[in-house]
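Computed from the coordinates by the stated procedures, all read-outs in this text should not be read as laboratory data. Nothing here was measured: the structure is a model prediction, and the numbers come from that model. FYI the Cβ positions are ideal-geometry reconstructions off the backbone, even for glycines, and counts take in every protein chain you see.
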Amino acid sequence: MATSSNPDTPTLASGHSVSRCRLDLVGRVAVITGASRGIGRAIALNLALRGCSVLGTCTNETSLELISSVLDSEVTQSYKDTARQRPSQLRIKGLVADIFSLECSALIANMLEESFNGQVDILINSACDPMPGTIGEMDVQEVQHSLMGNIQTPVMIVDEFVRRRLFQPDSRIIYISSVRSKQPWIPVHGRDNCHAVLVGLTQTEAVMNCGPDMVAEFQKEFFPGQSIPRFGQPEDVADVVGLLCSAEAKWITGSVISASGGGIKIG
């Protein structure tokens, strides 16, 4: 059930705070890479609860079920919990499209044309290669693997969408980046809002699976420099991305946004 101290902004079991009346993304379509877990999944839920259809990508059939079935069911239940009618045109679909595959961009574009009338209004690049290796110990294959997942495939997805004219007017492109980077990508075809969201220490499976000793090292490194000294949650990042997807953010572009609890201060 939804619970909140503010009756107009119920908090769902998922951790999301969603306005009862804020269905501001009805009729829009978002492509979210890495949507089966962590930050990508939280973003998919955030946008879907605001009426946005979602095409989420993942790397295997098991993860596919987490999007097409589990996430879709959670969205339906969340609408019921907030006493809202789920928009009839809202669709959630998963797609196996590995960012380390040369076919990734074409697979996503094909699915948009087949199942979403060739429409994309929001592109969230959340999938990445989280383990780029250690300088001084890497080989060429490791570097190429990291560059493909973190640079080549995201670029080719945008290129494919532009080539096929899938982007709609007033579209959004958002790259989930890291506090270790400092520059956003510039808009790619003069019409989109493009941002870099610098994500701080977030309690995701990728982080927690590093083991207790490494997690303790992360806390020791990051917490002292944060204004809010705690782990971020995937929903914290999703709320920032959701803000950038809103109509009120139409005049913001080319921005570096820190979602790090104050770990990175950008002036």
How compact and how long is region 29-259, expressed as Rg and Dmax of its alpha-carbon atoms in Å? 17.5, 56
Within 10 Å of each residue's Cβ, count the other Cβ atoms and sort L45, L66, L198 from fewest upward. L66, L198, L45
So if R0 is 35 Å, what FRET efficiency would K220 and V70 give, r being the distance between their Cβ atoms, rounded to the nearest 0.05? 0.50
Once each part is reduced to its C-alpha centroid, what is the distance from region 89-103 to region 111-167 in angstrom? 12 Å
Got a sec to turn the phi values of region 230-239 into Karplus ³J(HN,Hα) couplings, 6.51 cos²θ - 1.76 cosθ + 1.60 with θ = phi - 60°, whole Hz, x for Gly and Pro? 8, 5, x, 9, x, 5, 4, 5, 4, 5
Charged-residue dipole, Cβ positions (Lys, Arg, Asp, Glu), region 29-259 about Cα centre, Debye nearest 20: 860 debye
